[in-house]
Amino acid sequence: MRRVVNHKIFAGIVLAGALIITGCSSQLSGLRHENQATVDETPPGLDSIVVARADSIARQFLPADHLRNDAATLLETSHIYFAAGDSLRMFWLAIAHPTETVAAADTQQFERHYRAAYRMIKHDQRLVNVRRFGIPDDTEQLITRLYESAQNAVEQAIRKNPFELNLRLHIIQIYLAMARLRDNTDDYEKAIAEINQVIRMNRGIPDIYIILGECYGALDEWEKSFNAYKEAHRLVKETAFFRADTASDTTRLIFLMQQQAHARAKMYDDSTALTFLNQAKHATHSNQKRVELDHYIQWINWDDGNIRAVEERDAIYELYQQGEYKDASKRYKKLLKSLRTQRTRNLINWKIALIDFSILNRKKDGVQRMFGVVNNLPNEADSMSTIYLNDYGAMCYSLGMDFAKQKEYKLAYTYFLQAADIAWNGQGKSAVELAKLSVVNPSLTIAHCQQALRFENELDKDARQHVYRLLMNAYKSNGEFTLARSYYQRLQP
């Protein structure tokens, strides 16, 4: 889909972000004071004692009408600024990551949010600057200021009407948006405090526990995160009779199984994590979701449930990607001590061998480690066995070529001989090099050339011609002229 960016809309959103909201009302002198409305007269048909009792009880859950109206107005203001901030963030991310697309429908939604925010502001020179120069460098700060303006408005609303659940749900939404934008611990902690207040007001909202699980996960408090997802799971199941959309419930339950699995994995409880993942895999009808779950299961099972090891493996890979090869090699060697299976030890030894041989120029260390890998291959070859053999053969061949250049022919011959004996895709060329080194021994040359021709399909034209020439000369030296003539004829154009 082609990315659509309406620059007028984007400019307006940035303009909205540049505002500093001073507040829609002055600080309250105290909610209790404002709520203490005295009953000047008894409404018709009511006992004055009942009216007084009702007034006393209502203060515990109903604010005065004017405070409730003020709070509703402030909530509307907060929604406008929050929507404008989200719109700006979406445009900012789309431009920061051009591979992502912004559909026309999204653009229309952003435009609605922008127009609502624009009605609250006056024309500003900054709009001209944005149109002229594009996205400002402080876009993230502008988004933050919009979110903070939304936060200020809803905080005032809560002070006026602390009993309204929607106000608290909205401020949680703001805290989460700010936490995700800034990756700020304080914002997650504020969200958690507000979530707990909501739970005291209403314990039957599954989604509030889902958000609580996310917040605790962001703070690495995985036991609490797991418990929150577990409670959300229970509530979705126990409140299902209220809803007709069972398909939606199934999707949520699968998501919650996956989140519980993730929390248990973060607690290094591989058994429970795998139980949840397999339950989710059994419940889903989506092939894409099943593949996703399979990948997670394979990740946990990489070293027989040794989650700490697979986390370290991934961290080392990041080092490798950054070019920190010495540190990567060092940490891989340390990781070896904690691995449970021969399969993963082979894999990590292979990675170390490649780094040492091909990058750090520690070829002797690399080939020695690779020799250990091929001597510990499983009885039944797997997909990695072929890779290990190919890399070990290539290392031996490379060392043979190095020693041949240095005229250390005995070592060269030894490495070529090892390479020719390994089942890899360079056996033929290894045998050719053996034949070259053994020309003083015609019979041995013939044997090596015949070995090379068993892998003739691996040899290019020049290599095959070289083999024919070696065979012609070797048979000629042995007095076998008929065979020598046959290879001579193969050399003719």
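None of the figures in this text is laboratory data; all of them are computed from the coordinates on show. Since the structure is predicted, the reported quantities are computational estimates derived from the model, not experimental observations. Counting neighbours? That spans all protein chains shown, and the Cβs are built from the backbone with ideal geometry, glycine included.
Once a ≥ b ≥ c are taken as the square roots of the eigenvalues of the Cα gyration tensor of the stretch 443-493, is the result rounded (a/c under 1.5), prolate (a/b larger than b/c) or oblate (a/b not larger than b/c)? The shape class here is oblate. Annotation: extensible slack from L491 through S286 equals 67.7 nm (criterion: 0.36 nm per residue apart, minus Cα-Cα distance).
Checked against a 31 Å cut-off, the cross-linked pairs K230/K337; K224/K330; K230/K334; K334/K364 give Cα-Cα distances beyond that limit for K230/K337; K224/K330; K230/K334.
Taking other C-beta atoms within 10 angstrom as a stand-in for reagent exposure, E380, E223, E148 fall in the order E380, E223, E148, fewest first.
Just want to confirm a number: the relative contact order over the stretch 426-493, from Cα pairs under 8 angstrom separated by 6+ residues, in percent. 30 percent. Take each peptide in 288-295, 474-481, count the other Cβ atoms within 10 Å of every residue, and average; sorted highest first, the result is 474-481, 288-295. Counting only residues at least eight positions apart within a chain, or on another chain, the aspartates and glutamates with an alpha carbon under 17 Å from that of K289 are D249. Residues in the stretch 289-303 carry Karplus couplings, in order, of 5, 5, 5, 4, 5, 4, 4, 5, 4, 5, 4, 5, 7, 3, 10 Hz; the curve used is 6.51 cos²θ - 1.76 cosθ + 1.60 with θ = phi - 60°, and Gly or Pro positions show x. Summary of the geometry: the stretch 433-493 and the stretch 214-286, compared by the centres of their Cα atoms, lie 68 Å apart. As a rough guide to protection, the peptides 427-433, 317-323, 277-283 ranked by mean Cβ packing within 10 Å, highest first, stand as 427-433, 277-283, 317-323. Given R₀ = 41 Å, what would the calculated FRET efficiency be for T251 paired with A193, taking r from the Cβ atoms and rounding to 0.05? Calculated value: 0.90. Once the chain from K334 to V439 is taken as fully extended at 0.36 nm per residue, the excess over their C-alpha distance is 33.1 nm.
Sequentially through the stretch 377-384, phi angles give Karplus couplings (6.51, -1.76, 1.60; θ = phi - 60°) of 6, x, 4, 9, 4, 10, 5, 7 Hz, Gly and Pro residues having no value and appearing as x.
With a threshold of 21 Å on the Cα-Cα distance, the over-threshold entries among K407/K429; K363/K461; K405/K436 are K363/K461.
Computed extension length for K405-N166: 78.1 nm, one decimal, from 0.36 nm per residue of separation with the Cα-Cα distance subtracted. When the alpha carbon gyration tensor of the stretch 306-408 is reduced to an equivalent ellipsoid, its three semi-axes come out at 25, 18, 10 angstrom, largest first.
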